[in-house]
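The values are calculated or read from the model by the stated rules, or taken from the named source; none is laboratory data. These numbers come from a predicted model, not from an experiment. Virtual Cβ from ideal backbone geometry, glycine too; neighbours counted across all protein chains shown.
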Amino acid sequence: MTRTITLGIAALLLLLASPLHSQEASETGAPETTREEEPIRSVQNEEPSIEELEKQSQEAYEARKYTRYYGANIRMMNQRPYEPIYMKRVIEACALLERRRTAYHYMLKMQQQGLSYDLSEEPDAANIRTTELFDYLNNLMIEAGEPAGTAQPVLTMEDDHGTPSALTWDPSRERFLVGTLGEGAILSLAPDGGEEVLMKADVENGLWAIKGLHADMERNRLWVTTSAIPDFEQYSPADRGRAALFEFDLTTLKQVNRFNVPMDGFLHDLGSIAVTDEGDVYTFDYVTSMVYRKATNGEALEPFVGSKEMDSLSAIAVSYDNRRLYVADRYKGILVIDPIEQSSVMLTGPETLNLGRINSLAFGEKKLFTIQSGIRPERVMQLDLDEMGSGVLEVLPMASALEGFEGPGMVTYKGGFVYYFTNLEKGGDGPFALVRTPLATAQDKPEFMLDSNPEPESGE
C-alpha cells in the first residue's frame, strides 16, 4: 500500500531518527533525556538484575511513578537491547508522562526493526494518540505484521513420537533426520512423506530427549546431543541435569563414542550442533550458557567459551572454514567467535537489525539465517555478512507472519533453501509442517499452502 506523507510528518520523522535533545519538557515537568541510562543510576556501578528491575517496574507502575517506570524499562532495554516488550513499555511510559516526541522516537525505532504492535487500543498510550504522526507510525507498525515472503510445504509430521526438536539433512540417505523430545527418537523423513524410526531412546543406547543432530557424510558420522529433561517421557529424577554428545556411525548407526558433559555440580541441557569442515563439533548449554567443543581429534567434550553477559544462549552455527562461530543469545544478539584467535565480538549491523528471540541459526553461502520466534511478527531472516563475517551488510526478510507460522524453528540450509519446522507452539500437538524458503533476492507474494501436495524433492 502506498502512503502519502506530508512535509510536516517527514520533518518530524527526520527529527525522531536523530539523537534526542534535552530541551523539551513534558507538562508533568519530567525532562526528556539524551541518554537511555540516565533516569535511574545504579549503586557502585553494579546494574540490578532483570528480575530486580522487573520488580521496580511493576512497583513504580502500580504507584503511578511513571518516571521511575520509564527508567526501569530503559535500563532493562539497555541490558536486553532487542527485547520489544521493554521498548513498548517505554513508549507507554512516555505517553503517561506526555513525552510525545520520545514516544514517537521509539515507535519509529520499533517500526524500522520490523516489529509489529498496535498501540491504538492500549489505554496507557492515550496521551500520544491525538496526532497525525502517531497514526502514521502506528499504521506502519501494523503493516509490519502483514504476511510476507514464501514458505513452501515439504512434508508434514504427526506427533506420534513427540515434538520435533532437532533437524539435519542426511545426504547419504537423501532424507531429513529429525529428533524428538518425548520419545527421544531419531526419524528419517523422505520428502515424499515416508517415515522411518532409526533409533529410539532406551536403556541400552542411553539416549534421552534429542536436542541436536548433525549428519557429517564426509566422516560418516551422526552427531547427537541429548539431555535428561522433564519433556522426555522416560525421564527419571535420578538423571536430572545430565547431558551428552553422542557419536554414531552414519551408515550403520552403531554407537562410536559418547562424550558426557563434564561433571561440575551444575544442571545441563545441551542444544543444537554445529560442525566445521575439519570436523570440530560445537554445541551449547541452555542452563549454564557455556559453549562446548569436541575437537576433531579430541577425546572429550570440553568447555570452549563462557560469558556472564550471554546468559540465555539459544542457537549456534559455524562457518565451514571454522573462521567464525556464531552463538545467539535470546535477548542480546549474536556473539561472533574466532575459534583460531580465541577472540569474540558482538555481531554488528544497521540500526534496523533486531536480533531478539532467535531460536535457530544456520550458515550457508556466506550468509547467516535466523529464525525469530515469540516476537511480532515471527520471521525468518537472511543476514548478508561482510568479508570478516562479523558485520551485517544487508538484512533481508525471507518469511514472516504467514498463515500456520506458529513457532518456526530448527533451521538447516540445503541447496539454496532454508528448511525449518512450523506449528511448534501448539502445545506439542501436531501435525508439524516442514517448509522451505529460498534465499532472499526478489520475493514473490506470500504463500503458505500446507494442504497442497508438493512434488517430491531430489537430493540436492
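When region 203-258 is examined, which residues are found to be β-branched (Val, Ile, Thr) and assigned to a strand (DSSP E or B)? Before you say what the answer is, go through the steps one by one.
Initial filter on region 203-258 (β-branched (Val, Ile, Thr)): 203, 210, 224-226, 229, 251-252, 256.
Matches in region 203-258: Ile210, Val224, Thr225, Thr226, Val256.
Please enumerate the residues belonging to region 202-229 that are without any contact (Cβ under 8 Å) to a residue 60 or more places away in the chain and touching a Ser or Thr at 6+ places or on another chain (Cβ under 9 Å).
Gly206, Leu207, Trp208, Ala209, Ile210, Ala215, Met217, Asn220, Leu222, Trp223, Thr225, Ala228
Looking at the structure I just gave you, is Ser312 over 21 Å from Ala185 (Cα atoms), under 16 Å from the mean Cα position of the chain (by Cα) and surrounded by fewer than 19 Cβ atoms within 10 Å (Cβ to Cβ)?
The answer is yes for Ser312.
Being in the same structural domain as Ala315 (by TED's automatic domain parsing), surrounded by 14 or more Cβ atoms within 10 Å (Cβ to Cβ), β-branched (Val, Ile, Thr) and closer than 18 Å to Tyr320 by Cβ, is that true of even one residue in region 408-415?
Yes.
Please indicate, with yes or no, whether at least one residue in region 150-162 is of a type in the set (Gly, Ala, Ser) and surrounded by fewer than 20 Cβ atoms within 10 Å (Cβ to Cβ).
no
Among residues belonging to region 114-135 that are among the hydroxyl-bearing types (Ser, Thr, Tyr) and closer than 30 Å to Glu406 by Cβ, point out the one that is surrounded by the fewest Cβ atoms within 10 Å (Cβ to Cβ).
Only one residue fits best here, namely Ser120.
Checking Phe246 against (1) modelled with pLDDT of 95 or more; (2) touching a strand residue (DSSP E or B) at 6+ places or on another chain (Cβ under 6 Å); (3) farther than 19 Å from Trp208 by Cα, only one condition comes out false. Which one?
For Phe246, the exception is condition (3).
Show me the strands (runs of 3 or more DSSP E) entirely contained within region 358-460 in which 3 or more residues are at pLDDT below 95 and among the basic types (Lys, Arg).
Of the strands (runs of 3 or more DSSP E) lying wholly inside region 358-460, none has at least 3 residues that are at pLDDT below 95 and among the basic types (Lys, Arg).
Counting just the residues of region 181-209 that are within 20 Å of Ile316 (Cβ to Cβ) and touching an Asp or Glu at 6+ places or on another chain (Cβ under 9 Å), which one comes out surrounded by the most Cβ atoms within 10 Å (Cβ to Cβ)? If you could, list the steps in order and put the result at the bottom.
Start the filter on region 181-209 by keeping residues that are within 20 Å of Ile316 (Cβ to Cβ), which leaves 181, 186, 208-209.
Keeping just the survivors that are touching an Asp or Glu at 6+ places or on another chain (Cβ under 9 Å) gives 181, 208-209.
Working: Leu181: 23, Trp208: 24, Ala209: 30.
This residue is Ala209.
Can you confirm whether region 379-401 contains a residue that is surrounded by fewer than 17 Cβ atoms within 10 Å (Cβ to Cβ) and on the phi > 0 side of the Ramachandran plot?
No, region 379-401 has no match at all.
How many residues does region 277-318 hold that are farther than 16 Å from Ile358 by Cα and either outside any strand (DSSP E or B) or outside the structural domain of Ser227 (by TED's automatic domain parsing) (or both)?
Result for region 277-318: 16.
Do we have Gly279 as surrounded by fewer than 20 Cβ atoms within 10 Å (Cβ to Cβ), more than 21 Å from the chain's Cα centre (by Cα) and of a type in the set (Gly, Ala, Ser) here?
Considered against the rule, which asks whether it is surrounded by fewer than 20 Cβ atoms within 10 Å (Cβ to Cβ), more than 21 Å from the chain's Cα centre (by Cα) and of a type in the set (Gly, Ala, Ser), Gly279 comes out as yes.
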